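Notes to accompany the following structure.
Throughout, read-outs are computed from the coordinates displayed, never taken from laboratory work. If you're wondering where the values come from, they're calculated on a predicted model, not measured in any experiment. No Cβ is skipped: glycine too gets one built from the backbone with ideal geometry, and neighbour counts run over all protein chains shown.
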2 protein chains.
Amino acid sequence: MNARTLKLLLFALGALISGPALAFEPLPDQPPIPKDNPQTTAKIELGKKLYLDPRLSVDGTVSCNSCHNVMAGGDDDRATSAGVNGQRGGRNAPTVWNAAFLSVQFWDGRANSLEEQAKGPLINPVEMGNPDHDTVIKRLKQYPEYVAAFNDVFGKDGLNIDNLAKAIASFERMLITPGAPFDRYAKGEKKAIAKKARQGAELFQKIGCITCHSGPAFAGPPLPEGTGFFQRFPTFADNEFVKKYELDQDLGRYEATKNEADKHMFRVPTLRNVAMTAPYFHNGKVRTLDEAVRVMAKTQLNRDLSDDAVEKLVAFLETLTGPFPELTLPRLPEKSGTTTISAH
Amino acid sequence: MNARTLKLLLFALGALISGPALAFEPLPDQPPIPKDNPQTTAKIELGKKLYLDPRLSVDGTVSCNSCHNVMAGGDDDRATSAGVNGQRGGRNAPTVWNAAFLSVQFWDGRANSLEEQAKGPLINPVEMGNPDHDTVIKRLKQYPEYVAAFNDVFGKDGLNIDNLAKAIASFERMLITPGAPFDRYAKGEKKAIAKKARQGAELFQKIGCITCHSGPAFAGPPLPEGTGFFQRFPTFADNEFVKKYELDQDLGRYEATKNEADKHMFRVPTLRNVAMTAPYFHNGKVRTLDEAVRVMAKTQLNRDLSDDAVEKLVAFLETLTGPFPELTLPRLPEKSGTTTISAH
């Protein structure tokens, strides 16, 4: 039995002993930090520059922040994102806020870590559109300030794709929102949230939302990096919502693994800051949170919620917003007197 | 004779009296502030949010900052900018840094003020792509935080297109870079720039670059708002550069005024931070600063520069970079539980 299996077993055992009524947990002040990528101030600062730099895309128009906006909900308010040359992605951009607490990345969990995730969009033809990682690194090597910063953080010849991913991931581990009104409530500050929100929290437990949206990020239990917490969506497919919002069109994790068992399996998304991340679901077809709550109840729990129940659940979900750390705008490195972006 | 004509006449008279050797002037610590739009902290903060908010574009993908990046040279490193749906603009994005010192805006000077300029891209179909200003205002009115901020800054029912433009312009008046190495040199700190740059500054005066690139922003003399300082480009059109870089294809100010006399007339751009704003000229066809210097000498002064002269002029121009004020990232207003961006 390896360590991961043991941990999962212990978790399952714990769940059995504690019974179905999972308790709420406040978000920790620090996410898990991988041993091979410790946080340093210089690395985080470099990661912030890279995260906000549109020159990481082939034509200089799309940065990580374009789709995962740290000035907003960590997403882009769109059903699907816009990549280079007006192209559209296939899935809704997940929020970057608190992604550091998730054990896998992307809707289908195909990246085992933030580091692995960061490499994907760079060479996705409908996102940042680079033909390969080498193209990105060659461009960044033209900026003396980037070269120096990578060497400073990672040592000699430090500018490579793995270190680029590490720096971005380090910055993303700063993008967390402990201390939300609900966290203060969970820690004992009873007046931190309104009565309706408290009723919503009770309902959230009672009807079973918390079965999947458990743990401090409301995205399942904390699991070792690369594990992933997946659920079938939709579980109950024979209803009007599934047709209306085309919720069964995307095969989810199957697209990444080609395992039959992964058909329609999706990573359980975090509910933190969910009131700021409309539109909803993997295809972004549901535009409002109240409708998303109705859809979830029907497709996952086979329940029809009353308007009152929806209102309470939304009130509860709204207490999972923020607070957001204050960030300064970085100065992006420049190559004096020339551009690295090809003419179009 | 109106006030504007009088001021221009006095300026010309001053130039005659002082002779052709125009002196260098450091950039003032404050740009001109219009009487009807005084600077306030709350207005500047609101303007920053608007400037950085991609939801000002029809599909939520393009902010002012997308093309005039305040984390970089105030531009986008591209020949021409990318608007909504992968569309391309016709001219190179001018830098926003120190635009507050220019008496008209756009390459063709078609906007008399920063306020007027700010309204343009919102409804330009190849930029932010809104069908009209009303669409923008209707969207912003969905954000209680924007409504409150406008009312706070401008009074009751403050959220309208004129006030939106005022707030953005107020923020832009903070985007200035006094205290560049050359400014320190011009104020008497003789070691602030290297010998080669000092030689370049002498050359800049001697061969006549300063005739047009005069004044504290190196964009012509300070003039009353709406005046504009224009020059014909190219003045000398019979050379290889004009053909190679298609410099005579754009009719410039004529496109805005339809006056024959305005054919090929362009606003003289600022040279501040020019080392950070490649590629160059209204069409962005010239990719490096040294080549831009050669092109200018040939097309405007009918001179062929030696490599040594180009090197010195570039060294001088590099002393016009920064320093840039530190800015914090704003939190953009959110509409809880819904998006204002239409599905695509």
Point to revise | Binned Cα-Cα distances of the protein assembly as shown, short to long, each 10 Å bin given as a whole percent | key: 3, 14, 24, 24, 17, 10, 6, 3, 0, 0
Point to revise | Rounded to whole Hz, the Karplus (6.51, -1.76, 1.60) HN-Hα couplings of the stretch A:67-78, x for glycine and proline | key: 9, 10, 6, 6, 7, 10, x, x, 9, 10, 6, 9
Review point. Amide H to amide H under 5 Å from residue B:88: which residues, 5+ apart in sequence or cross-chain, H placed 1.01 Å off N in plane?
Key: B:83
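What's the FRET efficiency of residue A:162 with residue B:258 using the Cβ-Cβ distance as r and R₀ = 41 Å, to the nearest 0.05?
0.10
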Point to revise | Cut-off under 5 Å, modelled amide H: who pairs with residue A:286 long-range | key: A:280
Check your understanding: Each residue of the stretch A:290-301 in order: what ³J(HN,Hα) in whole Hz does its phi give by Karplus 6.51 cos²θ - 1.76 cosθ + 1.60, θ = phi - 60°, with x for Gly and Pro?
Key -> 5, 5, 4, 5, 4, 4, 4, 4, 6, 7, 10, 10
Exercise for review: Please give every one of the aspartates and glutamates within straight-line cross-link reach of residue B:141, meaning a C-alpha to C-alpha distance under 13 Å, and leave out same-chain neighbours fewer than 8 residues apart.
Suggested key: B:157, B:334
**Study point:** Sorted largest first, extent of the stretch A:109-198 alpha carbons per principal axis (Å)
**Key:** 56, 32, 21
Revision key, fill the gap. Within the stretch A:239-344, DSSP-loop trypsin sites (Lys or Arg not before Pro) with at most 13 other C-beta atoms within 10 Å are A:258
Revision key, fill the gap. Phi angles of the stretch A:172-177, converted by Karplus (6.51 cos²θ - 1.76 cosθ + 1.60, θ = phi - 60°) into ³J(HN,Hα) in whole Hz with x for Gly and Pro, give 5, 6, 8, 8, 10, 10
Review point. Restricting attention to the stretch A:159-262, which GluC sites (Glu not before Pro) occupy a DSSP loop and are surrounded by at most 15 other Cβ atoms within 10 Å?
Key: A:189, A:246
Check your understanding: Between residue A:228 and residues 5 or more places away or on another chain, which pairs have amide H atoms under 5 Å apart, with H built 1.01 Å from N, and which residues are they?
Key -> A:103, A:104
Point to revise | Diffusion constant of the stretch A:136-188 at 20 °C, which comes from Stokes-Einstein with the Kirkwood Cα-pair radius and 1.002 mPa s, µm²/s | key: 163 µm²/s
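For the stretch A:229-310, what is the per residue volume of the convex hull drawn over the alpha-carbon atoms, in cubic angstrom?
Each residue corresponds to 100 Å³ of Cα convex hull volume.
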Point to revise | Most mobile of A:235, A:177, A:270 in a GNM of chain A (Cα contacts under 10 Å) | key: A:235
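Would you mind checking the pairs A:49/B:48; A:285/B:138; A:119/B:49; B:156/B:335 and listing those with alpha carbons more than 25 angstrom apart?
A:119/B:49
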Review point. When only alpha-carbon atoms count, how far does chain A stretch along each of its three principal axes, as whole angstroms with the largest first?
Key: 63, 44, 41
Exercise for review: For the stretch B:16-110, list log₁₀ I(q)/I(0) at each q in 0.10, 0.13, 0.16, 0.21 Å⁻¹, using the Debye formula over Cα point scatterers of equal strength and ignoring solvent, two decimals each.
Suggested key: -0.38, -0.61, -0.86, -1.25
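Calculate, in whole percent, how much of the Cα-Cα pair population of the stretch B:41-172 lies beyond 27 Å.
13 percent
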Check your understanding: To the nearest 20 debye, what charge dipole does chain A have about its Cα centre, counting +1 at the Cβ of each Lys and Arg and -1 at the Cβ of each Asp and Glu?
Key -> 420 debye
**Study point:** Positive-pole candidate from A:97, A:71, A:47, dipole of the stretch A:41-172, charges at beta carbon
**Key:** A:47
Exercise for review: Please average, across the residues of A:319-330, the number of beta carbons from any other chain that are within 10 Å of each residue's own beta carbon, and give a whole number.
Suggested key: 3
Review point. At what distance in nm do the modelled label points of residue B:308 and residue A:240 sit from each other, each positioned 7 Å from its Cα along Cα→Cβ?
Key: 8.5 nm
**Study point:** Per-residue mean of C-beta atoms belonging to partner chains within 10 Å, peptide B:49-55
**Key:** 3
Exercise for review: Could you list the GluC sites (Glu not before Pro) in the stretch A:273-344 that lie in coil according to DSSP, counting only those with at most 12 other Cβ atoms within 10 Å of their Cβ?
Suggested key: A:326
**Study point:** Ranked packing of A:73-79, B:99-105, most packed first, by mean Cβ within 10 Å
**Key:** A:73-79, B:99-105
Revision key, fill the gap. Expressed as a whole number, the average count of other chain Cβ atoms within 10 Å around the Cβ atoms of A:75-87 is 5
Practice item. Using the number of other C-beta atoms within 10 angstrom as an exposure proxy, rank A:317, A:329 with the fewest first. Key: A:329, A:317
